Amino acid sequence: MIKFSNVSKVYKNNHIALSNVSVTINRGDFVFLVGPSGAGKSTFIKLLLREIEPTSGEIIVNNVDVQKLTRKQIPMYRRSFGIVFQDFRLLSDKTVYENIAFAMQIVEASSRDIKKRVNQMLSLVGLSNKANMYPHQLSGGEQQRVALARALANNPKLLICDEPTGNLDPETAWGIMELLNDINLSGTTILMATHAKDVVDKMKKRVIAIEKGVIVRDQQRGVYGYED
Amino acid sequence: MSEISKEVFTVMKIKTFKYFFKESISNIIKNRVMSFASITTVAAALFVLGIFMLLVANVNKMVTSVEDKVEIKAFLNDDVTTLKQNEIESEIKKIPAVKSIVFESKEDALEKFKNQLGENKDLANGLDLKNPLPASFIIKVDKVENVADTSNKIAKMEGIYKVKDGRDILDKVIRVINFIKASSLALIVILGAVGIFLISNTIRLTVYARKKEIGIMKYIGATDWFIRWPFLFEGMFLGLFGAIISILLLKFGYSYVVKVVATDVVIFSLIPAEYIINTLAWQFSIVGIVIGGLGSLISLRRFLVL
Ligand SMILES: Nc1ncnc2c1ncn2[C@@H]1O[C@H](COP(=O)(O)OP(=O)(O)O)[C@@H](O)[C@H]1O
Ligand SMILES: [Mg+2]
């Protein structure tokens, strides 16, 4: 599904964020991208989303060379992903329901589909009773559930999460992880960047560890692996 | 990827159009201070433009009516015979620009003079015996521009003693009109530019206010134009609202002026007020929308990095 071949990214200030990264992620995988802050995890995700372009190397997603996408093709390409960030990135002037529906409006879904799908997503994340609340009326965990529902609204094949539990207390984080596990079991590929050791260790999923832009370990059913 | 490009180019759905409409109106309301300033400026610009257009239209109308009255008066030598007089008349008629020609005999001229004297016409009594007033042809010309040429031609004819025309006054009137046209054009350009500038600033504020939303839209896979359209709509609405306000102001203001002029100044009638609704309303709406769209585009080019 995703194949990075010898991908390097050097930022304008000559900072080498990724160096010669080669990795393959298969359909249905649940992958943790771990490493300390500044290791290059977000850079990896931004490359995948084609928010930035690699300095060298090749990224193939669903048999498409991401570098060869034209400007016009990028939106359609991004629609095959769902994305969740550490800071939720909800629209504060829209209700929970509207935030989820927004993702579907953008892809010009029909009103009927939107209504059906948003309600389905709300019950998936357990927020049906808070549909008409605004983000500031929700706890962090609930906000992240809304973000998750929005990311899944258009039924993406791949869910990308950049530190989704970074702003949550351990218990809430675990709730989100259980939800992600369910989503993965229903067939969605998940790539999650994190430096939450306990979460990674408990899940026993594939772990790709990056340090200073280099992949130092790629392990099935792995653990975080740092003794700090 | 061909499937993808096909989808990117699909026609805007009505639902999406409604979404743009709603978004732009809600942005205008959220941004009400700047929106108000933009609308007011566009309204002011178009209002001034409207005043000048009405002024020019009325002056043009006045000139046309003055043009109708432009005549050349060619005085004949006293020794011209009736035969010679007919010859001169047919020669003048041959000039293409001549529209009409009327002969005024010495007796007619005296009669006219007496009428002008009114109650004092006794003063002219002695003139009956030896009439000093010359006979003349009164010639009307098709266009003002042809007056000079025609009167020069007539002046050269045999038997013509003097030619008079109203060129001096006309030249002055034309110069005033041209000045009004030029200065109104300059003012329109300046006010139009201010309108565009203010709208582009309003849109810039909206773009900044929605930075987060735009970012999210990009991640979810919104096309560039899906992101741009609400801003374009917003600018166009601001321009259109300004245009509507200016049209209403012009309509009420001008209707009032027409009424006053109709009752107080009998000799000259203004262009009827319906002109504003029939002609200006459409032109101004389009100009307003164009100004708004331009302001929006300028702002999007500079501040919306997609
Ligand atoms: N736009 C940028 N310009 C320059 N350096 C950057 C930029 N983005 C990230 N970096 C640097 O690249 C390195 C990797 O960043 P990032 O991928 O965000 O790490 P992580 O997500 O693992 O914390 C960091 O040292 C960071 O400072
Ligand atoms: Mg990061």
All-but-one check, residue A:20 against (1) in contact (Cβ under 8 Å) with a residue 12 or more places away in the chain; (2) outside the structural domain of residue A:191 (by the TED database), failing number (2)
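Return a yes/no flag: does the range A:142-150 have any residue that is touching a helix residue (DSSP H, G or I) at 6+ places or on another chain (Cβ under 9 Å), in a strand (DSSP E or B) and either modelled with pLDDT of 90 or more or among the acidic types (Asp, Glu) (or both).
Just the residues of the range A:142-150 that are touching a helix residue (DSSP H, G or I) at 6+ places or on another chain (Cβ under 9 Å), to begin with: A:142-150.
From what's left, in a strand (DSSP E or B): none.
No: zero hits.
Take residue A:51 and decide whether it is free of Cβ contacts under 8 Å to residues at least 24 places away in the same chain, surrounded by fewer than 20 Cβ atoms within 10 Å (Cβ to Cβ) and within 16 Å of ligand 2 (Cβ to nearest atom). Explain how you work it out, then say what you get.
On the way: free of Cβ contacts under 8 Å to residues at least 24 places away in the same chain: yes; surrounded by fewer than 20 Cβ atoms within 10 Å (Cβ to Cβ): yes; within 16 Å of ligand 2 (Cβ to nearest atom): yes.
The answer is yes for residue A:51.
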Condition set within 17 Å of residue A:222 (Cα to Cα) and loosely packed, with under 15 Cβ neighbours inside 10 Å, scope the range A:1-27, selection nearest to ligand 1 (Cβ to nearest atom): answer is A:24
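With respect to residue A:199, is the statement that it is outside any loop (DSSP other than H, G, I, E, B) and either without any contact (Cβ under 8 Å) to a residue 12 or more places away in the chain or among the hydrophobic types (A, V, I, L, M, F, W, C) (or both) true? Talk me through it step by step, then tell me what you get.
On the way: outside any loop (DSSP other than H, G, I, E, B): yes; either without any contact (Cβ under 8 Å) to a residue 12 or more places away in the chain or among the hydrophobic types (A, V, I, L, M, F, W, C) (or both): yes.
Against the criterion (outside any loop (DSSP other than H, G, I, E, B) and either without any contact (Cβ under 8 Å) to a residue 12 or more places away in the chain or among the hydrophobic types (A, V, I, L, M, F, W, C) (or both)), residue A:199 qualifies.
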When the range A:118-130 is checked residue by residue, the ones that are surrounded by fewer than 17 Cβ atoms within 10 Å (Cβ to Cβ) and assigned to a loop (DSSP other than H, G, I, E, B) are A:126
Checklist line | Test: residue B:17 is within 12 Å of chain A (Cβ to nearest Cβ), closer than 23 Å to residue B:287 by Cα, assigned to a helix (DSSP H, G or I) and at pLDDT 80 or above | finding: yes
By residue number, the members of the range A:68-91 that are over 15 Å from the mean Cα position of the chain (by Cα), hydrophobic (A, V, I, L, M, F, W, C) and facing another protein chain (nearest Cβ under 7 Å) are A:76, A:91
Inside the range A:1-32, the number of residues satisfying the requirement of being β-branched (Val, Ile, Thr) and more than 16 Å from residue A:211 (Cα to Cα) is 4
Of the residues in the range A:28-63, those that are among the β-branched types (Val, Ile, Thr), more than 26 Å from residue A:178 (Cβ to Cβ) and either in a strand (DSSP E or B) or within 8 Å of ligand 1 (Cβ to nearest atom) (or both) come to A:43, A:52, A:59, A:60, A:61
Apart from one, (1) surrounded by 17 or more Cβ atoms within 10 Å (Cβ to Cβ); (2) more than 14 Å from chain A (Cβ to nearest Cβ) all hold for residue B:217; the odd one out is (2)
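Looking at A:56, A:42, A:19, which is the one that is within 24 Å of residue A:103 (Cβ to Cβ) and either more than 12 Å from chain B (Cβ to nearest Cβ) or touching a Pro at 6+ places or on another chain (Cβ under 7 Å) (or both)?
Values: A:56 fails: within 24 Å of residue A:103 (Cβ to Cβ); A:19 fails: within 24 Å of residue A:103 (Cβ to Cβ).
Matching residue, one of A:56, A:42, A:19: A:42.
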Among the residues that make up the range A:142-153, is at least one of them surrounded by fewer than 20 Cβ atoms within 10 Å (Cβ to Cβ), of a type outside the set (Asp, Glu) and under 23 Å from residue B:213 (Cα atoms)? no
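What do you reckon, is residue A:104 away from ligand 1 (no atom under 16 Å from the Cβ), among the hydrophobic types (A, V, I, L, M, F, W, C), at pLDDT below 95 and assigned by the TED database to the domain that holds residue A:195?
Taking the combined requirement at face value, the residue does not satisfy it.
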For the range A:160-172, pairs from a residue that is among the small types (Gly, Ala, Ser) to a residue that is assigned to a loop (DSSP other than H, G, I, E, B), with Cβ under 9 Å and 6 or more apart or across chains, are A:166/A:86; A:166/A:87; A:166/A:195; A:166/A:196
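The values are calculated or read from the model by the stated rules, or taken from the named source; none is laboratory data. These figures come from a predicted structure and were not determined experimentally. Methodologically, a virtual Cβ is constructed for each residue, glycine included, from the backbone with ideal geometry; neighbour enumeration extends over all protein chains shown.
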